[in-house]
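To start, the structure itself, in structure tokens.
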Amino acid sequence: MTQETPERVSRQALASLAVGILALVLLWAFGAPTLVTAFGVGLGHLALQDIKRSKTRGAVLAWVGLILGYGLTLMSIIRFISSAINGLS
């Protein structure tokens, strides 16, 4: 007996990945994507909940979006702190 997997991919997972990539581009171009990363993180968490509830695909996409979101937020915070410390000297 084979278990069927649903063909539908979570839209929130795709959106989380897209926003994570957008945040990466914004970080490279402008240096501060913090607000955008918050949307990516939120979408990633919503996607994981949706995937568990509805048994859709896309968990890897949601996790990549979450990793990008949290990682870029951490990088932005570190960059801000280092700029503040350099400004004090």
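What follows draws every value from the coordinates through simple rules; no lab data is involved. The shown structure was predicted, so the numbers you read here are calculated from the model rather than taken from an experiment. Positions of Cβ are backbone-derived with ideal geometry, glycine not excepted, and every protein chain shown enters the neighbour counts.
Taking all Cα pairs closer than 8 Å and separated by 6 or more residues, the relative contact order of the range 11-88 comes to 40 percent.
Below 13 angstrom from the Cβ of Ser54, what's the summed charge of the other residues (Lys, Arg +1; Asp, Glu -1)? Residues near Ser54 contribute +4 overall. Where only DSSP H runs of four or more residues are counted, the chain gives -27500 deg cm²/dmol as its mean residue ellipticity at 222 nm, each run worth -39500 (n - 2.57).
Against the set (1) 31; (2) 13; (3) 37, the structure's computed percent of Cα pairs over 24 Å apart falls on (1). Farthest towards the positive end of the charge dipole of the chain, among the residues Ala18, Leu43, Asn86, is the Cα of Leu43, using unit charges on the Cβ of Lys, Arg, Asp and Glu.
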